[in-house]
Amino acid sequence: MNWPLEAFLSFLAAGAFGVIFNTPRRTLISCGLVGMSGWLIYRTFFLVFEDSVQASFAGAFVVSIVAHLLAKKFRMPMIIFSIAGIIPLVPGSKAYNAMRNIVEHNYLEAIAFASEALMISGAVAMGLVFAEVLMQLFFKRQAKRIQRKMGLTQE
Amino acid sequence: MTQIGETRRELALDCFLLAGRIMMESGAETYRVEDTMIRMAVSQNMVNSHCFVTPTGIMFSPSEELATRFVRINNRSTDLERVALVNSVSRKLVAGEYTVQQAYDELLIIDQTNYRFNIWLQILAASVASGCFLILLGGSWIDLPFAFVFGGIGFIIVETILEETRVKIFAEFIGSFVVGILASIAVYSGFATDLDTLIIGSIMPLVPGLLITNAVRDLMAGHFVSGLSKGAEAFLTAFAIGAGIAVVLSF
């Protein structure tokens, strides 16, 4: 596996998706970086554990966390950063293989591929959910701490 | 005096509904639209307001005395720049930097301006994304120019048919169908090597990534009507793409 090449390509692909979805121009590079981090985490997990479901979960989790942090920094909706990063994790090749096997009347193999695609999409969704809950807890605690500090200084 | 208060309230209502409509038409999540509208309403002393947003219409009830208003949302596309702009206008209104009149004027400008990238730049982006995904999914470098060209062609076809007919499923079906035919021709004439990765790479720009993300986030926030309908839209898109490819492969 060629790390710098994959990093560059995933950066370029996520940036290109940013152009298609018309994200604000000054966030294009950040979108590319989100996509790159998601893809590299996915690939690393895949190489270590050889399970694309867990790898998709980890990738979606990281994409969502990074997108939340960037959204706080730029003061923009989080969705601007997360979409371009999620797209590489969508199980396109599994869904394609399921479709091809159905067309060729290999229904058993098609079911195997389709259930794998379903598992991966579920994992991506769960990654998004976990990151969302984690960030909500974190930001709530941070806001409370700031409020307490302000209350102390006022009194 | 009451007359002035009445017109000011009407203006504020128009302003919230316009903000909600622009965000929903540009592909924001439902719960964000509701959140933005309620925040704007609270900043204008409408504390007891309720709003209900679905992908096809927005209902907004300012208080118990005032009449409920409704706007219909006809066409939805993806334009994240607009979402960001409306978001910043609402932030400024809540912070007190804008009056309602200023915010409304700003929203009208956002509604009428075209913020999209040049169409050729979008096509180039679709081509680049296809090429990148071909290599990332393990395709060979010989197929790269084919994925580059076919990805762009698929994107052009979908955009043109969408502009002419407004039937999304049909546009995606024809787009993936043409991509499949072109890829098969390239492989069987011996120029390209691997049909599977070539097709997957070329249809990547059509994948409904925004819809999937939005559906999950809406379901999570408890907006089941919007979440399910967006999920259905994503499923239909995926089905149209798959059917277009399946027709080609069955020959």
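The values are calculated or read from the model by the stated rules, or taken from the named source; none is laboratory data. These figures come from a predicted structure and were not determined experimentally. Please note: Cβ atoms are built from the backbone with ideal geometry, for glycine as well, and neighbour counts cover all protein chains shown.
What to note about this one:
- Of the residues making up region B:200-243, those that are more than 24 Å from B:ASP79 (Cα to Cα) and at the interface with chain A (Cβ under 7 Å from one of its Cβ atoms) are B:ILE200, B:GLY242.
- Among (1) over 15 Å from the mean Cα position of the chain (by Cα); (2) under 14 Å from B:ASN87 (Cβ atoms) - the single one B:LEU11 does not satisfy: (2)
- Residue that is surrounded by the most Cβ atoms within 10 Å (Cβ to Cβ), among those in region B:48-73 that are assigned to a loop (DSSP other than H, G, I, E, B), without any contact (Cβ under 8 Å) to a residue 12 or more places away in the chain and not charged (D, E, K, R): B:THR68
- When residues of region B:132-142 are limited to those that are within 14 Å of chain A (Cβ to nearest Cβ) and outside any loop (DSSP other than H, G, I, E, B), the one farthest from A:LEU9 (Cα to Cα): B:TRP141
- Against the numbered list (1) modelled with pLDDT of 90 or more; (2) not in a helix (DSSP H, G or I); (3) not β-branched (Val, Ile, Thr), A:ALA131 comes up short only at (2).
- Complete set of residues in region B:1-47 that are farther than 19 Å from B:ALA95 by Cβ, out of contact with any strand residue (DSSP E or B) (no Cβ under 9 Å at 6 or more places or on another chain) and surrounded by 18 or more Cβ atoms within 10 Å (Cβ to Cβ): B:ILE22, B:GLU25, B:SER26, B:GLY27, B:ALA28, B:GLU29
- Checklist (1) surrounded by 22 or more Cβ atoms within 10 Å (Cβ to Cβ); (2) closer than 30 Å to B:GLU81 by Cβ applied to A:LYS73, failing item: (1)
- Verdict on B:ILE58 being touching a Gly at 6+ places or on another chain (Cβ under 9 Å), of a type outside the set (Asp, Glu) and at the interface with chain A (Cβ under 9 Å from one of its Cβ atoms): no
- Residue check, B:GLY151 within 14 Å of chain A (Cβ to nearest Cβ), closer than 22 Å to A:PRO4 by Cβ and assigned to a helix (DSSP H, G or I): no
- Looking across B:ILE156, B:ILE174, one residue alone is in a helix (DSSP H, G or I), away from chain A (no Cβ under 14 Å) and modelled with pLDDT of 90 or more. It is B:ILE174.
- Residues of region A:22-53 satisfying the condition of being of a type in the set (S, T, N, Q) and either crowded, with 16+ Cβ neighbours inside 10 Å or under 13 Å from A:SER10 (Cα atoms) (or both): A:ASN22, A:THR23, A:THR27, A:SER30, A:SER37, A:SER52
- Per-region count, region A:4-19, residues among the hydrophobic types (A, V, I, L, M, F, W, C) and buried (at least 24 other Cβ atoms within 10 Å of the Cβ): 4
- Here the helices (runs of 4 or more DSSP H) wholly within region A:1-119 that include at least 3 residues being free of Cβ contacts under 8 Å to residues at least 60 places away in the same chain and under 17 Å from the mean Cα position of the chain (by Cα) are A:3-20, A:28-49, A:52-74, A:79-86.
- The residues of region A:41-97 that are within 16 Å of A:ILE29 (Cβ to Cβ) and facing chain B (nearest Cβ under 7 Å), listed by number, are A:MET76, A:ILE80, A:SER82, A:ILE83.
- Sole exception among (1) over 25 Å from the mean Cα position of the chain (by Cα); (2) more than 9 Å from every other protein chain (Cβ to nearest Cβ) for A:PHE138, by number: (1)
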